Amino acid sequence: MPGLTDNKRHQINDELLERSLNGVLPRGGAVGSRYVVEARTVDYHGTVAQLSFGKEEWRCLKLKAFPLEDRQDIQHAACAAGVSRYMVAELLRQGLLKRRTGRVKSALTDDNKLRRVEYALSYLDDASRFFEPMLDVVHVDEKWFNADKDKRSYILLDGEEPPQRSRQSKRFIPKTMFLAAVARPR
């Protein structure tokens with residue numbers, strides 16, 4: 001740009017980067033009036049600052065500004081960051097973004113663990129140390145429909161970890177059950 005020194009260009013670029021919120025500049029010509037230049041000149045320098053930062057890094061920072069819950073698939077991540085789905089898929093392909101899964105971790109207490117072991121040991125025959133055949137037991141079969149998933153996939157940047165999702169057990173996710181009972185005929 002003729003008429004601007006390198007020092008003034010750097011000052012304008014720095015101020016534009018400071019004033020931007022999530023990569024978007026507020027409306028108005030405050031920077032242009034402060035440096036006594038036209039608004040088009042400042043707009044050009046803002047574009048140059050964005051391009052010199054690197055397109056991929058700029059879009060990665062836009063994605064990083066949103067919580068992980070909004071980045072579970074490509075479509076939601078692109079919509080939240082205001083970029084195209086193609087760009088998110090391209091960043092995944094280039095390795096700048098990574099897809100990771102986070103599972104529900106068991107948060108059992110020591111008392112819960114002890115009760116589980118005692119329950120399993122109650123089916124051992126004391127004399128032979130073999131499991132009882134359980135022929136006089138009614139077997140109950142259940143089919144569960146979960147309200148939430150055990151495993152969730154997230155789109156993450158380098159250095160990010162999937163969020164820790166802990167419950168007392170993954171079996172404590174709200175769900176609906178269908179029940180069936182099977183017994184040995186007498």
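Every number in this text was worked out from the coordinates using simple rules, so none of it is lab data. Here the structure is a predicted model, which is why all the values come from computation and not from measurement. Cβ sites come from the backbone with ideal geometry, for glycine too, and all protein chains shown count toward neighbours.
Taking K151 as the anchor, which aspartates and glutamates have their alpha carbon closer than 12 Å to its alpha carbon, excluding any fewer than eight residues away along the same chain?
Partners within reach: none.
Which entries of K98/K143; K105/K175; K98/K175 have Cα-Cα distances beyond 22 Å here?
In this structure, K98/K143; K98/K175 exceed 22 Å between Cα atoms.
What are the trypsin sites (Lys or Arg not before Pro) within region 99-163 that DSSP puts in a loop, where the Cβ has at most 14 other Cβ atoms within 10 Å?
Sites meeting the loop and neighbour criteria: R129, K149.
Would you compute, for the Cα atoms of region 125-171, the largest minus smallest coordinate along each principal axis and list the three values in descending order, in whole Å?
Largest to smallest, the principal-axis extents are 57, 26, 16 Å.
Between R103 and E118, what length in nm is gained on full extension when 0.36 nm per residue of separation is reduced by their alpha carbon distance? All intermediate terms of the calculation are to be shown ahead of the outcome.
Details: separation 15, 0.36 × 15 = 5.40 nm, distance 2.70 nm.
Separation in residues times 0.36 nm, less the Cα-Cα distance, equals 2.7 nm.
State, to one decimal in nm, how far the label point of W144 lies from the label point of T5, with both points 7 Å from Cα in the Cβ direction.
Using points 7 Å along Cα→Cβ, the separation is 7.1 nm.
Pull out the extension gain between F131 and S20, defined as 0.36 nm times the separation in residues minus the alpha carbon to alpha carbon distance; nm, one decimal.
So the extension gain works out to 33.1 nm.
What ranking of R165, R71, R93 emerges when the number of other C-beta atoms within 10 Å of each C-beta is taken as an exposure proxy, fewest first?
Fewest-to-most ranking of R165, R71, R93: R93, R165, R71.
Take E161 and K64, extend 7 Å from each Cα along the Cα→Cβ direction, and tell me the distance between the two endpoints in nm.
Once both label points are built, they end up 1.8 nm from each other.
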